[in-house]
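The block underneath contains the structure these notes are about, expressed in structure tokens.
The values are calculated or read from the model by the stated rules, or taken from the named source; none is laboratory data. Since the model is a prediction, treat every value here as computed from it, not as a measurement. Please note: Cβ atoms are built from the backbone with ideal geometry, for glycine as well, and neighbour counts cover all protein chains shown. Side chains included, ligands, DNA and RNA excluded: accessible areas come from the protein's heavy atoms. Shrake-Rupley method; radii C 1.70, N 1.55, O 1.52, S 1.80 Å.
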Amino acid sequence: MSKQDKKNIEAIYSLSPMQEGMLFHTLLNKEKEEYIQQVSTTITGNLNVEAFKKAWQKVIDRNTALRTSFVYKKVKNMLQVVHKKVELPFEYLDWSTTSKLKREEELNTFLIEDRKKGFNLSKPPAMRISLIKFNEKNHKLVWTHHHIILDGWSLPLLLKEVFTFYETFNSGIEINLPFPQPYKSYITWLKNKDINEAKKFWKEYLKGFTTPIDIHLAKEEQIDQKIKNKTVSTEFTVEETEYIKKIAQENKITLNSILQVAWANLLHKYTGEDDIVFGATTSGRPTDLYDAENIIGLFINTLPIRSKILNKTTILDQLREFHKEQGNIREYEYAPLVEIQKWSNVDSKVNLFNNIFVFENYPVDESMNNPNLSFKISDVNFVEKTNFPLTVLAAPGKALSLKIYFDISKFDEIKIKRMANHLKNITIFIINNLDKKVTDIEYLSDEEIHKLFVEFNNTTAEIDYSKPIHKIISEVAEKKPNAIALVFNNHKITYAQLENKSNKLANYLMRKGITVDSLVGILIDRSFEMLYGLLAILKAGGAYLQIKPNNPLERIKYKITDSQTKIVLTDSANKNKLEGLDVETLILDEIEDLLQTESNDEPKVSINIKNTMFCIYTSGSTGNPKGTLVPHEGIINRLLWMKKQYAISTEDVLIQKTPFAFDVSVWELFLALIS
């Protein structure tokens, strides 16, 4: 750093926890749009460009946060440096000769490219102004800054100063407003807070919460997209907004509490979880810090908000309890999120939440509607990108609006649009049914309810569901005995060969005592023998138990013992895994000669479609695996639907890629064979 640079330093101090988090994510993410905020608006009227530029510069001169750079290289702790003099980057562009249509295209491109520029946070200021002239009476203002220097509360404060100074400069008058408190006063306040008290509170608040919720609204098919983030929105009517505010006032709760409770209940409906934790942005402006509400800088914090959905609780009781808890959180909202994560019982490698709720109690567009201005402001647009894949923004006003910003690589736009409407629906339900139980909350529209319970249940179809899968395969074999049924390692077998071998083994199994609903284990790698075995078990009337050869020996032993299986089909490569078990093993590649004496005819066994087809076990991630008996009925329904839906024919080839101990393997194995 040069001597001149050193002379230009006014103050050096540490970062707030939120600033540290933003700086970390900005440096970590290669995309420069992280935490970039952009306000664009149309200015109509006679604009004195020089006075306008001078007003913005004056505001920078007065507020320390706007003259700040950040030091993060070769230092133990990150620092922020306030510079005495900083010149505002002010760009003036004349597009007055550009056609209206081309101007709109160029403006859209300009806004995108402007955000992509980002900021070098080691060089002040982390903001810039672009003023684009459309004609003598119309200009477009583009104000871009990094969130690390300003929060939403600061925006109307800053704009008020800009407009005040503009009007005086435009009139040839110089005024001196009282200087605001420096942002450093907040950093000093933070250092005096007792972090141990905060730790005690947050540990108790999050006690017992171990598993963050996962919102399953992903795209079914991922495609490459140039645009990474999108926004969907919905809006309440003026009447609905007034009624929500009325309910809040009558019950002495905030509008923010009502909306956050609605969000918590919607997450409960979407995930099925009763213990909900999501992120929420708090203003963070301390009541015991002098003039905190007028300081320009970053005060906000993102904190975990917890809501337990209790069955017997009324909606009003839930609202009151939630509002009370928010008051408790207010005392400890200074705690860094990274520390709260450490204090929780959630694995440090897993985020506490992947969605945040923001209540915007600082509407920028309303702050621009100043009747004392000599020009008119319209078409206010605000763009921001955070590091969270899903952000809900509630903006109060005459008509309360809801916006959801989302990462399109993680969420499907149609599903997020539906979610926005569901959030509105659930909010309306809550305010109209305060005495009802939380479990009675409805979020679907009348149209969705009709579709769900009437249209989706209109499933009448002329399809024969009375035959089990192996019977349908036998009918295909009778019609096309020489058609290829299976291909494996460049070897092929026909339907006739498949029928012949599976029938012989089925008759052999019946002589071993296998009958309807008998469980027969099958421990074998992917091969023709695997299919012979599965079909033979079904033809004998039995049900197969899926056992992965690469399972731990204890898992194999547990499944066989727990299911009380007495016979297991295997091969010579896996037979040693069954040693010591009280079970009869049939080694398929060693009994071929023995099977030659068996009949080629399919056994005559009377099987009801409600009989068991197979037994499948869970992974056991939460303890011992749990077995489930699956009847023929549901599988037949699924496979015949898939055959019709996807028009599978004898010309189609389907790959069997899933280990057959997984449920997906069922349609991978049998769908092609019945077609």
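Counting only strands (runs of 3 or more DSSP E) that sit wholly inside the stretch 1-109, those with at least 3 residues that are at negative phi and surrounded by 15 or more Cβ atoms within 10 Å (Cβ to Cβ) are 9-14, 36-44, 68-71, 79-83. Of the residues making up the stretch 379-417, those that are of a type in the set (Gly, Ala, Ser) and either part of a loop (DSSP other than H, G, I, E, B) or crowded, with 20+ Cβ neighbours inside 10 Å (or both) are Ala394, Ala395, Gly397, Ala399, Ser409. Here Asp114 fulfils each of the conditions (1) surrounded by fewer than 21 Cβ atoms within 10 Å (Cβ to Cβ); (2) assigned to a strand (DSSP E or B); (3) touching a residue at least 60 places away in the same chain (Cβ under 8 Å) apart from (2). When Ile674, Ile655, Ile648 are checked against the criterion of being surrounded by 15 or more Cβ atoms within 10 Å (Cβ to Cβ), more than 30 Å from Thr561 (Cβ to Cβ) and without any contact (Cβ under 8 Å) to a residue 40 or more places away in the chain, a single residue qualifies: Ile648. Out of the residues in the stretch 428-441 that are at pLDDT 95 or above and of a type in the set (S, T, N, Q), state the one that is least open to solvent (accessible area, probe 1.4 Å). Residue satisfying both the conditions and the ranking: Asn433. If you check Asn574, Asn611 for being surrounded by 13 or more Cβ atoms within 10 Å (Cβ to Cβ), of a type outside the set (A, V, I, L, M, F, W, C) and farther than 26 Å from Tyr495 by Cα, only one passes: Asn574.
Say we look at the stretch 295-342 and pick out the residues that are open to solvent by 60 Å² or more (accessible area, probe 1.4 Å) and among the basic types (Lys, Arg); which of these is farthest from Gln37 (Cα to Cα)? It comes out as Lys312.
Scanning the stretch 535-555 for any residue that is more than 22 Å from His632 (Cβ to Cβ) and either among the hydroxyl-bearing types (Ser, Thr, Tyr) or over 42 Å from the mean Cα position of the chain (by Cα) (or both) turns up nothing. Checking the stretch 173-184 against the condition returns a match, with at least one residue being in a helix (DSSP H, G or I) and either of a type outside the set (A, V, I, L, M) or within 33 Å of the chain's Cα centre (by Cα) (or both).
Residues that are part of a helix (DSSP H, G or I) and open to solvent by 50 Å² or more (accessible area, probe 1.4 Å) within the stretch 509-534 comprise Met510, Arg511, Glu529, listed in sequence order. Comparison of Asn425, Asn458 shows that the only residue that is open to solvent by 90 Å² or more (accessible area, probe 1.4 Å) and either more than 24 Å from Val238 (Cα to Cα) or part of a helix (DSSP H, G or I) (or both) is Asn458.
Looking only at the stretch 236-249, decide whether some residue is open to solvent by 90 Å² or more (accessible area, probe 1.4 Å), at pLDDT 95 or above and of a type in the set (Lys, Arg). Yes, the stretch 236-249 has at least one match. Filtering the stretch 299-329 to residues that are within 16 Å of Lys207 (Cβ to Cβ), assigned to a helix (DSSP H, G or I) and hydrophobic (A, V, I, L, M, F, W, C) leaves only Ile329. One residue alone among Glu592, Glu602, Glu584 is open to solvent by 20 Å² or more (accessible area, probe 1.4 Å), at pLDDT below 90 and either among the aliphatic types (A, V, I, L, M) or over 48 Å from the mean Cα position of the chain (by Cα) (or both), and that residue is Glu592.
Residues in the stretch 535-577 that are assigned to a loop (DSSP other than H, G, I, E, B), touching a Pro at 6+ places or on another chain (Cβ under 7 Å) and not aliphatic (A, V, I, L, M): Lys548, Asn574.
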